[in-house]
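Read through the structure below, which is laid out as structure tokens, and then see the notes.
The values are calculated or read from the model by the stated rules, or taken from the named source; none is laboratory data. None of these values were measured; they are calculated from a predicted model. Here the Cβ is made from the backbone with ideal geometry for all residues, glycine too, and neighbour counts use every protein chain on show.
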Amino acid sequence: MRGKVIKKEIQPDIVYDSVMVAKLINQVMRRGKKTIATRIVYEAFELMKKKTKKEPLDVFDGALKNAAPVLEVRAKRVGGATYQIPVEVRGDRKIALAMRWIIAAAKAKKGKPMAEKLSDELIAAYNNEGPAIKKKLDMHRMAEANRAFAHFSR
């Protein structure tokens, strides 16, 4: 039996007073350089404000909501065979996956500063397009294709 994991409380960021923005900053951060990550995220939010003429927090929340998956597949061994079983994604994991996909899509782009790439990806996810949304749709398609094995889940 595994022990219970104690989740660390994340302090909200200083500008928007949002825990979600603080989580985004932590995800963007590389090698412990938090000041650089903070600058990238805030610059991305400023660019989003200029491009969309909307409140950056609303665009960010909308992008996370659109990119968050509802279903995913988990591998389970049943009698020597491994089945991909569709399961519902829990709340915290939904947000973590959405953030991870948006940041990965931004990092995959080349030739622009990270702040610009991140703002572009967040706007794309807000408009239900881009690589993060494609990843979510692929995951849903996979879960739908393996719906026949749903009875193996417990």
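Points to keep in mind about this one:
- Some residue of the stretch 50-63 being closer than 30 Å to E88 by Cα, among the charged types (D, E, K, R) and at pLDDT 90 or above: yes
- The set of residues in the stretch 104-140 that are closer than 19 Å to V89 by Cβ, buried (at least 17 other Cβ atoms within 10 Å of the Cβ) and not charged (D, E, K, R) comprises A105, A125, P131, A132, I133, M139.
- All told, A143 meets the bar of being surrounded by 21 or more Cβ atoms within 10 Å (Cβ to Cβ), closer than 30 Å to G79 by Cα and in contact (Cβ under 8 Å) with a residue 60 or more places away in the chain.
- The numbered conditions (1) under 26 Å from M139 (Cβ atoms); (2) among the hydrophobic types (A, V, I, L, M, F, W, C); (3) touching a helix residue (DSSP H, G or I) at 6+ places or on another chain (Cβ under 8 Å) are all true for V5 except (3).
- All positions within the stretch 1-27 that are of a type in the set (A, V, I, L, M) and part of a loop (DSSP other than H, G, I, E, B): M1, V5, I6, I10, I14, V15
- For R30, the conditions (1) under 17 Å from the mean Cα position of the chain (by Cα); (2) within 24 Å of K112 (Cβ to Cβ); (3) in a helix (DSSP H, G or I) are fulfilled apart from (3).
- In the stretch 39-84, the qualifying residues are those that are β-branched (V, I, T) and surrounded by fewer than 15 Cβ atoms within 10 Å (Cβ to Cβ), and the one that is farthest from L118 (Cα to Cα) is V78.
- Any helices (runs of 4 or more DSSP H) falling wholly within the stretch 49-132 and containing at least 1 residues that are of a type in the set (A, V, I, L, M, F, W, C) and under 23 Å from F149 (Cβ atoms): 91-108
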